[in-house]
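Derivation of every value follows stated rules applied to the coordinates shown; laboratory data play no part. Just so it is clear, the structure is predicted and the values come from calculations on it, not from any experiment. FYI the Cβ positions are ideal-geometry reconstructions off the backbone, even for glycines, and counts take in every protein chain you see.
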Amino acid sequence: MVAIEQDLSRNGRIAGSRPRGWMLVAIATALLTLAGWAARGFGENGLRLGSEFAWRFTFLIYFLAIVAGPIARLTPSPSLRHLCEARCQLIWGFSASFAVYLLGVLAPNLLLSGGPDEDGLTASMATFALFGVALSGIIAFAARRDAARILGEKARTTILGVGLSTFWLAYALSGLAHITGPHRPDMFYGTSLSLMILALLLRFADCMAAKIRGRREPV
């Protein structure tokens, strides 16, 4: 698979931007989760709806994070190019949003006796949460400019690419499973799979354009 995140290291300014946008993304995710709970109550249906809202919003932030750089470089629009300077906020926003999503999934089992699940917080849920928090945390750290001083630029780019690619697979496989399995019709999953394919094509086009520009440069 093409490295899903090579471009963060091309412009040092992006990782040095002030971390304000990601806070707004995290707050929006929390509000969407609460909206799902308020709509159907703090029961199984409400918790499921709140988690679904958070999962889908987190997916949208992830998609924007991985396509912002390629779109900005492949189009001549100055406003779109400005996305190159802000896409690190999207990376941090995705990490924060995913953490809020995990908290919304685990909170009922942590705060209520038994929670909506009679088994309470199971080992599989705890493992999933720990893995998700660790992976999103690593991605957030690797997106920082000063991470290169600790990890080395090559290692930082590799870690960031592997981490984001893992989420690409998770979203793509989730969409594929829901459109091929015995599930209720839901337009979101077909759309999410299409967007993941579009993101991959954009990154291919961006890599090819970079190689062409490199060949045209004088030796």
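Looking at the square roots a ≥ b ≥ c of the eigenvalues of the Cα gyration tensor of region 17-71, which shape do they give, rounded for a/c under 1.5, prolate if a/b is larger than b/c, or oblate? List each step's numbers first, then the result.
On the way: a/c = 5.04, a/b = 2.06, b/c = 2.45.
Oblate.
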Say each of Met23 and Ser174 gets a label point 7 Å from the Cα, pointing the same way as Cα to Cβ; how far apart are those two points in nm? 2.7 nm
With a Förster radius of 41 Å, plug the Cβ-Cβ distance of Ile150 and Phe204 into 1/(1 + (r/R0)^6) and report the FRET value to the nearest 0.05. 0.85
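Stretch Phe131-Asn45 to full length: gain in nm at 0.36 nm per residue minus the Cα-Cα span? Working shown, then result.
On the way: separation 86, 0.36 × 86 = 30.96 nm, distance 2.55 nm.
Contour length minus Cα-Cα distance gives 28.4 nm.
Quote the FRET efficiency, to the nearest 0.05, computed for Arg56 versus Ile197 with a Förster distance R0 of 22 Å and r equal to the Cβ-Cβ distance.
Details: r = 18 Å, r/R0 = 0.80.
With a Förster radius of 22 Å, E is 0.80.
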Formal net charge of residues neighbouring Ala147 (Cβ-Cβ distance under 10 Å; K, R +1; D, E -1): +2
Distance between modelled label sites at Thr75 and Leu106, nm, 7 Å Cα→Cβ extension: 3.8 nm
